[in-house]
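Novice: Got a structure for you, written out below as structure tokens; questions coming shortly.
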Amino acid sequence: MSVTSPTYEWQELASRYYHRRDVYEMGWDIDLQKHLVAVAPQGGPIALTRDDRKIVLLGKNSTRPAISIYSPAGRKLANIPWSRGRIVGFDWVTGGGNGAEQWLAVLVDDGEVYLYSVHGEQQPMQFSMGEECAHEGVLRCCFWNGGLALITKLTRTLLVPTSFSLPNPVP
């Protein structure tokens, strides 16, 4: 019987030592490289949808697009069937009347932004990024709590400050 040193599993990072412990195993078997993924801050929910720019074998997988929301432990909280256009990107933003709720903001290629709760319930507010986005289409985007930045398909860059907690967010 060999005795392992108690510090065997500890790793040095800068001048400190850390030990990683698996608290639980994820409750899913999903290849995240084939999905768009948004993780809420402070260990919040995880949203994902299949990345339609990646080639995947569709055997048992559905061809209908959907956004799935999982707990940090990998337990499915909600499934949002999607029929509103191609999803360019999404992320968790702070919203709600008190500004403490996490909402999933979803931008589609025609410039529309939709907001969903952690449980997949669509919020009453939605807004458009304007005529330019509707006509040119959106290529890429990046969210932050103060708004979002996007690039249209004609390579125009728009930086849009907005408050996701207003009753009617306006870009």
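Taken together, the values in this text are just the output of simple stated rules run on the coordinates, not laboratory data. Keep in mind it's a predicted model, so treat the numbers as computed, not measured. Cβ: placed from backbone, ideal geometry, glycine included. Neighbour counts: every protein chain shown.
Novice: What number comes out for the charge environment of Pro65, summing +1 per Lys or Arg and -1 per Asp or Glu over other residues with Cβ under 11 Å away?
Specialist: Charge balance in the 11 Å sphere: +2.
Novice: Moving to a separate point now. Apply 1/(1 + (r/R0)^6) to the Cβ-Cβ distance of Arg64 and Ala100, taking R0 = 30 Å, and write down the FRET efficiency to the nearest 0.05.
Specialist: 0.35
Novice: Ok, one more. Quote to one decimal, in nm, the extra length available between Gln42 and Leu159 on full extension: 0.36 nm per residue of separation minus the C-alpha distance between them.
Specialist: My answer for the length gained is 39.5 nm.
Novice: OK, next. What residues qualify as long-range amide H neighbours of Glu101, i.e. H under 5 Å apart, gap of 5 or more or another chain, H built at 1.01 Å from N?
Specialist: Amide H neighbours of Glu101: Gly95.
Novice: Subtract the Cα-Cα distance of Glu25 and Ala73 from 0.36 nm times their separation in residues, and report this length gain in nm to one decimal.
Specialist: Stretched fully, the Glu25-Ala73 segment lengthens by 16.6 nm.
Novice: Using amide H atoms built in the peptide plane, which far-off residues or other-chain residues are under 5 Å from Asp51 H to H?
Specialist: His35, Leu36
Novice: Which FRET efficiency value, to the nearest 0.05, do you get for Trp10 and Ala134 by plugging their Cβ-Cβ distance into 1/(1 + (r/R0)^6) with R0 = 45 Å?
Specialist: Calculated transfer efficiency: 0.25.
Novice: Taking the Cβ of Glu136 as the center, what net charge do the other residues with Cβ under 15 Å away carry, scoring Lys and Arg +1 and Asp and Glu -1?
Specialist: It works out to a net charge of -1.
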